[in-house]
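Take a look at the structure set out below.
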């Protein structure tokens with residue numbers, strides 16, 4: 001793939017030059033008019049004292065009188081960054097800045113990148129907990145497994161604002177959206193669909209957890225890792241119970257038929273393959289797909305090269321193929337989930353993000369695709385489908401209201417319109433700044 | 001009274017359980033290895049376990065109980081009956097191997113297996129029961145504490 005390599009090299013070069021030119025991708029901007037320095041006495045001292053006193057009496061007012069209602073922290077220790085691995089907190093910063101930029105542009109969410117110089121899970125937990133008074137939510141990012149499971153589970157219990165781990169829940173939500181759509185196109189029911197997961201990293205483990213909240217049967221799921229099919233009698237189960245209890249738990253609950261062996265045995269009679277493992281090509285022999293049921297569905301999500309090329313999967317009998325890439329049909333992409341999901345969670349002031357809220361987001365994405373002529377090569381919306389973002393935000397907020405974890409309740413239309421206004425304002429702000437040359441064009 | 005799944009059965013070990021019990025002992029020793037490098041298993045663990053299990057099943061001073069589910073052995077408890085030279089009471093039952101397959105844990109199977117083993121020991125005149133397990137195994141520490149056990153001696157080790 002020389003063309004692909006050339007393009008990657010070009011993008012690397014531009015990213016380095018532009019990063020130097022702009023000195024980072026985000027900044028903090030005042031949100032209030034500063035007509036003269038006299039206004040400082042309202043926004044800062046002495047006026048601000050009244051606001052502080054009010055919040056001192058009622059901490060909840062911090063969501064109304066400060067920007068906390070719309071500000072989240074993106075927290076990473078840099079131990080599992082994109083395809084780079086453990087690059088550390090300083091090197092993780094450009095990625096977190098990029099994430100913050102997407103949060104703002106697509107979701108209208110103020111996201112502050114915080115890369116931390118601690119790696120112990122309890123220390124990260126303590127850090128996030130200590131930051132709670134300043135933020136309306138937390139997005140955990142690029143933290144290695146199984147530490148990320150501990151952090152998400154424990155922070156979800158302890159922190160009273162939404163906590164999200166995009167590598168788990170974002171990928172799970174996007175995958176679920178694709179699955180909802182693909183099983184509808186192939187005439188399947190969730191409860192009867194047999195799904196094989198290749199790879200037992202954070203994304204697939206989270207996806208299995210979400211699927212069981214979305215009508216899929218745990219017993220119909222088989223997970224496969226480098227040691228073969230995961231099942232309760234596997235020899236490493238005791239080791240997993242001590243070091244990765246989340247994977248252990250899934251091994252107990254899935255694979256009701258107790259299938260043993262490897263990927264080939266797992267795929268025999270399966271309806272769906274979700275691969276999030278080693279980058280391809282040819283991570284596994286393409287012939288394995290032949291053993292799947294008719295009209296099979298293959299999600300090959302490794303980046304930059306999927307585990308199996310889409311055309312190879314189709315040649316072997318797959319009907320619908322999705323990947324993580326934007327240059328192939330059916331891109332399974334977290335970016336269609338996290339900005340709008342957080343928008344919805346913040347707008348209704350949810351105290352947490354439940355699995356059901358993620359399922360609601362995925363359902364809305366699949367519905368949008370089907371309302372707009374879904375087909376085998378268009379199972380989920382793309383990032384350019386601007387209308388879908390506020391719809392997802394409203395669906396998430398309404399689910400939180402239904403689950404009685406929202407502090408603000410409105411109609412679905414009002415949630416939608418509010419989300420759309422904030423999202424539109426965010427894009428408009430960027431275009432206005434560009435137009436006024438306050439965001440400069442990159443050097444030629 | 002704890003309600004155990006009707007498919008679960010408890011019984012004495014038989015000679016034809018040797019293969020299944022060997023597997024369980026190997027699993028248990030590998031689990032113990034996770035807690036401390038000084039419990040690293042030998043390369044010939046499987047042969048050793050087989051010999052050990054065969055002897056234990058035949059040994060009158062051993063109690064070997066098995067748990068089965070739908071005919072498959074899924075748990076074991078092996079205890080040795082020992083003479084205490086200096087202490088009262090003189091006959092001690094020492095639980096050496098205690099293992100339940102992962103998917104059957106947290107269903108009170110272990111508790112019931114323990115109850116049956118203690119009953120059996122009482123019938124054999126045992127007045128004090130003890131258990132051996134890795135110090136770092138906090139799940140075992142909690143389990144035995146819940147069953148009324150408390151530490152009475154410590155074994156400390158170092159590599160030479």
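Divide, for the range B:8-146, the radius of gyration over alpha carbons by 2.2 N^0.38 Å, where N is the residue count.
Values: Rg = 14.7 Å, N = 139, 2.2 N^0.38 = 14.3 Å.
Cα-based Rg divided by the globular estimate yields 1.02.
Express the relative contact order of chain A as a whole percentage, based on alpha carbon pairs under 8 Å and six or more residues apart in sequence.
Numbers: 790 pairs, mean separation 62.1, N = 444.
Computed value for chain A: 14 percent relative contact order.
State the Cα centre-to-centre distance between the range B:51-99 and the range A:283-350 in whole Å.
Measuring centre to centre over Cα atoms gives 53 Å.
At 0.36 nm per residue, minus the direct Cα-Cα distance, what do residue A:28 and residue A:134 gain on full extension? Give it in nm, one decimal, please. Before the final figure, lay out each step's value.
Details: separation 106, 0.36 × 106 = 38.16 nm, distance 1.49 nm.
Extra length from residue A:28 to residue A:134 when fully extended: 36.7 nm.
For Cα pairs less than 8 Å apart in space and 6+ apart in sequence, what is the mean separation divided by the residue count of the range A:155-237, i.e. the relative contact order in percent?
Details: 78 pairs, mean separation 24.4, N = 83.
About 29 percent, as a whole number.
With springs connecting C-alpha atoms under 10 Å apart, model chain A as a Gaussian network and identify which of A:143, A:289, A:252 has the largest mean-square fluctuation.
In this elastic network of chain A, the residue with the biggest mean-square fluctuation among A:143, A:289, A:252 is A:252.
Need one value for B:96-104: mean number of C-beta atoms belonging to other chains within 10 Å of its residues' C-beta atoms. Write out the running numbers ahead of the final one.
Numbers: counts 0, 0, 0, 1, 0, 4, 12, 8, 2.
Per-residue shielding by partner chains comes out at 3.
So for A:368, A:389, fewest C-beta neighbours within 10 Å to most, what's the order?
Details: A:368 22, A:389 28.
Listing A:368, A:389 from fewest to most nearby Cβ atoms yields A:368, A:389.
Which semi-axis lengths, in whole Å and largest first, follow from the square roots of five times the eigenvalues of the Cα gyration tensor of the range A:17-172? If you can, show how the numbers build up before the last one.
Values: eigenvalues 181, 87, 32 Å².
Whole-Å semi-axes of the equivalent ellipsoid: 30, 21, 13.
Based on the Cβ-Cβ distance from residue B:70 to residue B:106, what FRET efficiency comes out when R0 is 25 Å, to the nearest 0.05? Please report the intermediate quantities before stating the final value.
Values: r = 19 Å, r/R0 = 0.76.
Approximately 0.85, to the nearest 0.05.
Let me check I have the definition right: for the range A:63-109, take the eigenvalues of the Cα gyration tensor, multiply each by 5, take square roots. What are those semi-axes in whole Å, largest first?
Values: eigenvalues 130, 28, 9 Å².
They are 25, 12, 7 Å, listed from largest to smallest.
Between residue A:427 and residue B:138, what FRET efficiency follows from the Cβ-Cβ distance if R0 is 51 Å, with the result rounded to 0.05?
Numbers: r = 53 Å, r/R0 = 1.04.
Efficiency computed from Cβ-Cβ geometry: 0.45.
On a 0 to 90 degree scale, rounded to 10, what angle separates helix A:412-435 from the longest Cα axis of chain A?
70
Kindly put A:321, A:208 in sequence by how many other C-beta atoms sit within 10 Å of each C-beta, fewest to most.
On the way: A:321 27, A:208 24.
Fewest-to-most ranking of A:321, A:208: A:208, A:321.
Report, as an integer, the average count of C-beta atoms from other chains found within 10 Å of each Cβ along A:231-241. Walk me through the numbers before you get to the answer.
Values: counts 2, 6, 7, 1, 4, 1, 5, 10, 4, 1, 5.
For peptide A:231-241, the averaged partner shielding equals 4.
Per the Kirkwood treatment, what hydrodynamic radius in Å, one decimal, follows for the range A:168-410 from the mean inverse distance over all distinct Cα pairs?
Values: mean 1/r = 0.0555 Å⁻¹.
It is 18.0 Å.
Give me the one-decimal nm value for the distance between modelled label points at residue A:16 and residue A:236, 7 Å along each residue's Cα-to-Cβ direction.
Inter-label distance under the simple model: 3.7 nm.
At 7 Å along Cα-to-Cβ for each site, give me the label-to-label distance between residue A:48 and residue A:36 in nm.
Going from the residue A:48 label point to the residue A:36 one covers 2.2 nm.
Using only Cα atoms, what Kirkwood radius does the range B:103-156 have, in angstroms? The partial results should precede the final answer.
On the way: mean 1/r = 0.0796 Å⁻¹.
Hydrodynamic radius (Kirkwood, Cα only) of the range B:103-156 equals 12.6 Å.
Rank A:394, A:276, A:374 by mean-square fluctuation in a GNM of chain A with C-alpha springs under 10 angstrom and give only the top-ranked residue.
It is A:374.
I'd like the orientation of helix A:338-347 relative to chain A: the angle between its Cα long axis and the longest Cα principal axis, in ° from 0 to 90, rounded to 10.
50
Got the relative contact order for the range B:8-146 handy, in percent, Cα pairs under 8 Å and 6 or more residues apart?
This gives 24 percent for the range B:8-146.
What's the exposure ranking of A:429, A:96, A:441, A:223, going from fewest to most Cβ atoms within 10 Å? Walk me through the intermediate numbers first.
Working: A:429 15, A:96 26, A:441 7, A:223 23.
By the 10 Å Cβ count, ascending, the order reads A:441, A:429, A:223, A:96.
Run through all the Cα pairs of chain A and give the fraction in each 20 Å bin from 0, expressed as whole percent.
Per 20 Å bin, starting at 0, the Cα pair percentages come out as 24, 57, 18, 2.
What number, rounded to the nearest 500 deg cm²/dmol, is the helix-based mean residue ellipticity at 222 nm of the protein assembly as shown, given -39500 (n - 2.57) per DSSP H run of at least four residues and division by all its residues?
Details: 21 runs with 256 residues, N = 604.
-13000 deg cm²/dmol, from helical runs alone.
Coordinate-derived values only; no laboratory data. Predicted model, so just to flag it, every value in this text is computed and none were measured. Every residue, glycine among them, receives a Cβ derived from its backbone with ideal geometry; neighbour counts consider all protein chains shown.
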